[in-house]
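Everything on this sheet refers to the single structure shown next.
The values are calculated or read from the model by the stated rules, or taken from the named source; none is laboratory data. This structure is a prediction, so every number in the text was calculated from the model and none was measured. For neighbour counting, all protein chains shown are included, and Cβ atoms are generated from backbone atoms with ideal geometry for every residue, glycine included. What goes into the accessible areas is simple: the full protein's heavy atoms, side chains included, and nothing from ligands, DNA or RNA. Shrake-Rupley method; radii C 1.70, N 1.55, O 1.52, S 1.80 Å.
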Amino acid sequence: MEEKSIKQFEKDLSSFGISLTKKQTDQFIRYYELLTDWNTRMNLTAITDFEKVCKKHFLDSLSIIKAYNPNREIAMIDIGTGAGFPGIPIKIAFPKCRLTLLDSLQKRVTFLNEVVKELQLEDVTVFHGRAEDYAKEGQLREQYDLCVSRAVANLSTLCELCIPYVKIGGDFIAYKSEKANEEMIQAKRAISILGGLDAACVSFRLPETDYERNLLIIHKEKQTPEKYPRKAGIPVKKPL
Ligand code: SAM
């Protein structure tokens, strides 16, 4: 890892008002090492260059700060976290939050458990399974102040997978790239059925790039009817 790339990452973070301690910088470097090492044996990421991982995975995950302050003792869940995005970078930079990671692929869950152990992250729980199934369990349903998700499904589907986890008064934030407005219009009905208020959108470009990013914030005002989410697979096949 070049010193120059680390400096660039720190500069990008400072434009978000985030500064890291030495321990946190080391955790990001170790996370990168684990990601690229395990990526030789399983499919975790198409991006492996350090500078690009910093920009498109780490910085992108931390862009949540433009819409929400996670630097508090909140309960947060990341649905379809894959190799840990956006959940793990948020936990490294904002260690006060309690994090739950959920993914339906066992091998990614094995990787995530290794990351949690190696980085000595506290208050992180990793679950293997479908979002549709876990949301039925009282233990996780409507338990979270914040639910986040990136690159998992279109917004209508994603709302059905995510909003059931959010407490009344909590928020769901979907990380989207372009065409976020169209998705917001299409998802209006789903959001209302599931107990959310209309989505608000924060748009920006990642520093020193032309990558368009949109954070869609949905505040939950009512309980999600018990019948949602529907059985695994239905929210994708027949979005609300
Ligand atoms: N969020 C990560 C990111 O931005 O890099 C991973 C995105 S990857 C394209 C989508 C992930 O969602 C996969 O790891 C997949 O296993 C998981 N996934 C898809 N549908 C799911 C479901 N219904 N419940 C739980 N995980 C799901």
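General remarks:
- Residue in segment 196-210 that is within 29 Å of residue 26 (Cβ to Cβ) and open to solvent by less than 10 Å² (accessible area, probe 1.4 Å) present: yes
- One residue alone among 92, 168 is of a type in the set (A, V, I, L, M, F, W, C), more than 10 Å from the ligand (Cβ to nearest atom) and touching a residue at least 60 places away in the same chain (Cβ under 8 Å), and that residue is 92.
Matching residues to (1) of a type in the set (Lys, Arg); (2) at pLDDT 95 or above; (3) away from the ligand (no atom under 12 Å from the Cβ); (4) within 24 Å of residue 56 (Cα to Cα):
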residue: 124; (1), (2), (3), (4): no, yes, yes, yes
residue: 138; (1), (2), (3), (4): no, no, yes, no
residue: 152; (1), (2), (3), (4): no, yes, no, yes
residue: 182; (1), (2), (3), (4): no, no, yes, yes
residue: 202; (1), (2), (3), (4): no, yes, yes, yes
residue: 214; (1), (2), (3), (4): no, yes, yes, yes
residue: 220; (1), (2), (3), (4): yes, yes, yes, no
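- You will find that of 160, 182, the residue that is exposed (fewer than 15 other Cβ atoms within 10 Å of the Cβ), of a type outside the set (Ser, Thr, Tyr) and not in a strand (DSSP E or B) is 182 and no other.
- Scope segment 30-51; condition out of contact with any Pro (no Cβ under 9 Å at 6 or more places or on another chain), assigned to a helix (DSSP H, G or I) and surrounded by 14 or more Cβ atoms within 10 Å (Cβ to Cβ); matching residues: 30, 32, 34, 35, 36, 38, 50, 51
- Being open to solvent by less than 20 Å² (accessible area, probe 1.4 Å) and in a loop (DSSP other than H, G, I, E, B) is a condition met by no residue of segment 20-27.
- Considering only residues in segment 57-86 that are charged (D, E, K, R) and within 12 Å of the ligand (Cβ to nearest atom), the one that is surrounded by the most Cβ atoms within 10 Å (Cβ to Cβ) turns out to be 78.
- Top-ranked residue in segment 126-136 [being more than 19 Å from residue 91 (Cβ to Cβ) and surrounded by fewer than 21 Cβ atoms within 10 Å (Cβ to Cβ); ranked as nearest to the ligand (Cβ to nearest atom)]: 130
- Restricting attention to segment 225-240, the residues that are within 16 Å of the ligand (Cβ to nearest atom) and either assigned to a strand (DSSP E or B) or in contact (Cβ under 8 Å) with a residue 12 or more places away in the chain (or both) add up to 11.
- Screening the candidates 137, 142 for the property of being outside any strand (DSSP E or B) and in contact with a Lys or Arg (Cβ under 7 Å, 6 or more places away or on another chain) yields one hit, 142.
- The number of residues in segment 14-37 being closer than 15 Å to residue 91 by Cα and in contact (Cβ under 8 Å) with a residue 40 or more places away in the chain comes to 7.
- Restricting the first member to segment 135-150 and to residues that are of a type in the set (Phe, Trp, Tyr), and the second to residues that are open to solvent by less than 60 Å² (accessible area, probe 1.4 Å) and assigned to a strand (DSSP E or B), the beta-carbon pairs closer than 7 Å and six or more apart or on different chains are 144/75; 144/76; 144/77; 144/166; 144/170.
Residues are listed down the side, and each one gets a yes or a no for (1) outside any strand (DSSP E or B); (2) within 25 Å of residue 35 (Cα to Cα); (3) out of contact with any helix residue (DSSP H, G or I) (no Cβ under 8 Å at 6 or more places or on another chain):
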| site | (1), (2), (3) |
| --- | --- |
| 102 | no, yes, no |
| 109 | yes, yes, yes |
| 112 | yes, yes, no |
| 149 | no, yes, no |
| 152 | yes, yes, no |
| 174 | no, yes, no |
| 190 | yes, no, no |
| 193 | yes, no, yes |
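- Within segment 154-165, if we keep just the residues that are of a type in the set (S, T, N, Q) and in contact with a Leu (Cβ under 9 Å, 6 or more places away or on another chain), the residue that is farthest from the ligand (Cβ to nearest atom) turns out to be 156.
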